[in-house]
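Please read the structure below before turning to the comments.
Here, each number is a calculation from the coordinates, and none is a lab measurement. Since this is a predicted model, take the numbers as computed values, not measurements. Glycine gets a Cβ as well: all are built from the backbone with ideal geometry, and neighbour counts include every protein chain shown.
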Amino acid sequence: MKINGNYTLNVTPKNFWQMVMDPEVLEKVTPGIKELKEQSPDNYEAISEVKVGPVRGNFKGNLSIKDKVEEERCTLVVDQKSKMGNVVAEIVMTLAPTGDSQTEVKYTGEAKMSGTLASMGQRIMSGVVSTLSKQFFKSMEAEIAERQA
């Protein structure tokens, strides 16, 4: 399943980059994440609980950040397992300044699912991914506002 979108945030690429590279911020703003434990630099064990539409379950696996070009782009690799199926996703996130203190975040990638998750169909899962993406960026906006206050 293809994943793509974009979002503009009121923060410089430098500050957004610092937030995304901070595991405490990632744990706080990523929907469903209950725990993010650093295993090695840029590699984390992720424990999450997702409740979006028909997708409800506990997931455990890894989140890693690779191909980093500071303040410009990185690749997020997610490998999560649950009783309802597995998800492996690779998403390239690109940052571009769009004004004095704004950043456009573009993301594109692909997710592969197995088990019950795969049987739900792309339309349902695309809706779930869209909802989770919006929640991530709304949470990031709140974190930015809190830091700028």
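Straight-line reach from K112: taking Cα to Cα under 18 Å and skipping same-chain neighbours fewer than 8 places apart, the lysines in range are K2, K60, K81, K83. Taking a point 7 angstrom from the Cα of N4 along the C-beta vector, which residues in region 106-137 have backbone N less than 14 Å away? Taking a point 7 Å out along Cα→Cβ of N4, the residues of region 106-137 whose backbone N falls under 14 Å are 106-111.
For region 1-59, the Kirkwood estimate of the hydrodynamic radius, built from every pair of different alpha carbons, is 13.4 Å. Taking other C-beta atoms within 10 Å as the exposure proxy, V77, V129 rank V77, V129 from fewest upward.
Sort V88, V78 by Cβ crowding within 10 Å, fewest neighbours at the top.
V88, V78
Quick one, what does Rg over Rh come out to for the chain if you take C-alpha atoms and the Kirkwood Rh? Looking at the chain, the ratio lands at 0.95. Per residue of the chain, what 222 nm ellipticity follows from adding -39500 (n - 2.57) for every DSSP H run with n ≥ 4, rounded to the nearest 500? That comes out to -9500 deg cm²/dmol. Note: relative contact order over the chain, using C-alpha pairs below 8 Å and six or more positions apart, is 27 percent.
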